[in-house]
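> Sharing a structure with you now.
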Amino acid sequence: MDFGGGDQIRFERVGNAGVITLTRPKALNALTHSMLTALAKALAAWAVDDSVALVILKAEGRAFSAGGDILDVYKAGMEGRPNDTFFADEYRFNAELARFPKPYVSLIDGIVMGGGVGISFHGSHRVMTENAQFAMPEVGIGFFPDVGGGYLLPRLKSSFGMYLGLTGVRVRQGDALWSGLATHCVAAADLPALVEKLAETGDVDAALTPHLVTPPRETDDAAIHAIAQHFAYDTLEEVFASLQNSANNSDAFAKATLEVMAGKSPTSLAVTFRQIKAGKMLSMDECMRMEFRILHRMLRAVDFYEGIRAALIDKGSKPEWRPATLAEVDEAAVEAYFQPLAGGELNL
């Protein structure tokens, strides 16, 4: 069946299931605008199709989805015509997925970041294999953990979401299951049998149960306790002060975490901290409107384009953030990212 998206995404009806396969393995299944449009059409159709009991999302290749294909966004911004359209459609899909009325089973076998998180983690079932790696690394490119990161991250255990958002570190299936990112874990070798059973029965629990595994958490107890301590503070300055105090006392985890955060955009860190704090009290729709406000301003600032330049254009170069330090980030400037948009809010 064809909902669009060309050779970048495939839609099939298999038994009781609607099956979606991302088919850009050479591009690590990065999302394009046409893929998002096709996904939205498929969900709208399958939501009201009584013969579809559930939806399965999977991907070809070694990555599930490494994010959004943002080079066109970069080019448009550098030409002085920032374009919110891709993100508006992406955020609308994220919100639609969160309210999708049927089981939506994401089979995550490989890297999942950014936009890939947005098309999977707001569904009902997030199934991760031993090959899965989750990250929201946007603060490293002068951006913020969007696509519903403001809803997802603050709802993880023990300030783990704040830690992930401010560091961009990758975590595997054990940490994901413990924290609440993953709802289930299975072995990669069992995925074909799982897909077959899901399609045959239309019963997610019955299909999953024989394949479930409980992997050990990868992050040790000491680090988990440190994360819960350092990242629970009410201000970003207190987070840094807590980490610095421990680092001064020869705490290796605190020292390593500070080194990671030192390379991130100071503005992105400040905005992300506020986003995650605010998101804990917001609905998914409210989070998507908040994130669209942030997005609109970031596309008209400098750090996002500098981050993309350093990461993707002049690969391996060091970004020159403006402002360069957290101390120089003005509180009023951060607050401005969250203000209502004069041109109208995101229509969901």
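> Apply the Karplus parameterisation 6.51 cos²θ - 1.76 cosθ + 1.60, with θ equal to phi minus 60°, to every residue of region 19-28 and state each ³J(HN,Hα) to the nearest whole Hz, in sequence, with x for glycine and proline.
My calculation for region 19-28 gives 10, 10, 10, 6, 10, 10, x, 5, 9, 6 Hz in order.
> Cα gyration tensor of region 167-310, axes a ≥ b ≥ c as square roots of the eigenvalues: rounded (a/c below 1.5), prolate (a/b > b/c) or oblate? Can you show the working numbers first?
Details: a/c = 2.31, a/b = 1.47, b/c = 1.57.
In terms of gyration-tensor shape, oblate.
> Name the most mobile residue of Gly149, Gly68, Gly180, meaning the one with the largest mean-square fluctuation, in a Gaussian network model of the chain with Cα contacts below 10 Å.
Gly180
> Please list, in chain and number order, the residues 5+ apart from Ala182 or on another chain whose amide H is under 5 Å from its amide H, with Hs placed from the backbone.
Under 5 Å from the amide H of Ala182 lie the amide H atoms of Leu177, each far enough along the sequence or on another chain.
> Sticking with this one: How large, in percent, is the carbon and sulfur part of the accessible surface of the chain at a probe radius of 1.4 Å? Intermediate results must be reported in sequence, preceding the final value.
On the way: 7510 of 14590 Å².
So the carbon and sulfur contribution to the accessible surface is 51 percent.
> For Leu31, list long-range residues whose amide hydrogen, built 1.01 Å from N in the peptide plane, is under 5 Å from its own amide hydrogen.
Answer set, sorted by chain and number: Gly67, Gly68, Asp69.
> Something else: Using a 1.4 angstrom probe, figure out how much accessible area the chain has per residue, in square angstrom, rounded to the nearest whole. Each step should come with its number before you reach the end.
On the way: 14590 Å² over 348 residues.
Here the residues of the chain average 42 Å² of exposed surface.
> What does the helix-only formula give at 222 nm for the chain: each DSSP H stretch with n ≥ 4 adding -39500 (n - 2.57), the total divided by the residues, and the result rounded to the nearest 500 deg cm²/dmol?
Numbers: 16 runs with 151 residues, N = 348.
-12500 deg cm²/dmol, from helical runs alone.
> Separate question: Quick check: net charge around Gly114, other residues with Cβ under 13 Å of its Cβ, Lys/Arg +1 and Asp/Glu -1? Display every interim value, and only then the final one.
Working: positive: Arg170; negative: Asp69, Glu90, Glu138, Asp146, Glu291.
Combined, the nearby Lys, Arg, Asp and Glu give -4.
> Once phi is turned into ³J(HN,Hα) by the Karplus curve 6.51 cos²θ - 1.76 cosθ + 1.60 with θ = phi - 60°, what whole-Hz value does each residue of region 40-48 show in order, with x for glycine and proline?
Running phi through 6.51 cos²θ - 1.76 cosθ + 1.60 with θ = phi - 60° gives 4, 5, 4, 5, 4, 6, 6, 4, 10 Hz.
> Then there's this: Report the net charge of residues surrounding Asn94, where surrounding means a beta-carbon distance below 12 angstrom and charges are Lys +1, Arg +1, Asp -1, Glu -1. Mind dumping the intermediate values first?
Numbers: positive: Arg92, Arg99, Arg289; negative: Asp89, Glu90, Glu96, Asp146, Asp285, Glu291.
Local charge sum for Asn94: -3.
> List every residue whose amide H lies under 5 Å from the amide H of Tyr104, counting only residues 5 or more places away in sequence or on a different chain, with H placed 1.01 Å from N in the peptide plane.
Hits under the 5 Å cutoff: Val55, Ser124, His125.
> Only Cα pairs within less than 10 Å get springs; with that Gaussian network setup on the chain, which residue of Ser242, Ser159, Ser250 has the largest fluctuation?
Ser250
> Which value, in debye to the nearest 20, gives the size of the charge dipole of region 88-134 about its Cα centre, when Lys and Arg are +1 and Asp and Glu are -1 at the Cβ?
Values: 4 positive and 5 negative charges, 43 e Å.
It works out to roughly 200 debye.
> Taking the Cβ of Val14 as the centre, find all other residues whose Cβ is under 13 Å away and add up their charges (Lys, Arg: +1; Asp, Glu: -1).
Values: positive: Arg10, Arg13, Lys58, Lys197; negative: Glu12, Glu196, Glu200.
After counting each charged neighbour, the total is +1.
> So, one more: Could you pull out the pairs from Lys157/Lys318; Lys26/Lys315; Lys58/Lys102; Lys26/Lys255; Lys280/Lys318; Lys102/Lys197 whose alpha carbons sit more than 28 Å apart here? Working shown, then result.
Numbers: Lys157/Lys318 33 Å; Lys26/Lys315 18 Å; Lys58/Lys102 17 Å; Lys26/Lys255 36 Å; Lys280/Lys318 33 Å; Lys102/Lys197 17 Å.
Lys157/Lys318; Lys26/Lys255; Lys280/Lys318, as the Cα separations exceed 28 Å there.
> Further question: Using per-residue counts of other Cβ atoms within 10 Å, averaged over each peptide, order 332-345, 36-49 from highest down. Walk me through the intermediate numbers first.
Details: 332-345: 11.5, 36-49: 17.9.
Ranked by mean Cβ neighbours within 10 Å, highest first: 36-49, 332-345.
> In a GNM of the chain with a 10 Å cut-off on Cα contacts, which of Glu320, Glu138, Glu90 has the highest mean-square fluctuation?
Its mean-square fluctuation being the largest, the pick is Glu320.
> Moving on. Round to the nearest 10 and report in Å² the accessible area of Arg155, as given by a 1.4 Å probe over the protein chains' heavy atoms.
Approximately 100 Å² of Arg155 is accessible to the 1.4 Å probe.
> Roughly how tilted is helix 266-279, in degrees to the nearest 10 and between 0 and 90, from the longest Cα axis of the chain?
Approximately 50 degrees, to the nearest 10.
> Can you give the translational diffusion coefficient of region 130-172 in µm²/s, computed by Stokes-Einstein from the Kirkwood radius over Cα pairs at 4 °C and 1.567 mPa s?
Values: Rh = 10.5 Å.
Translational diffusion coefficient: 123 µm²/s.
> Now for a different question. Ignoring ligands and nucleic acids, what accessible area does Lys197 show with a 1.4 Å probe (Å², nearest 10)?
Looks like 80 Å² after rounding.
The values are calculated or read from the model by the stated rules, or taken from the named source; none is laboratory data. In this text the structure is predicted, and so the values were computed from the model without any measurement. Note that we place each Cβ from the backbone using ideal geometry, even for glycine, and neighbour counts take in every protein chain shown. These accessible areas exclude ligands, DNA and RNA; they are computed on the full protein's heavy atoms, side chains included. Shrake-Rupley method; radii C 1.70, N 1.55, O 1.52, S 1.80 Å.
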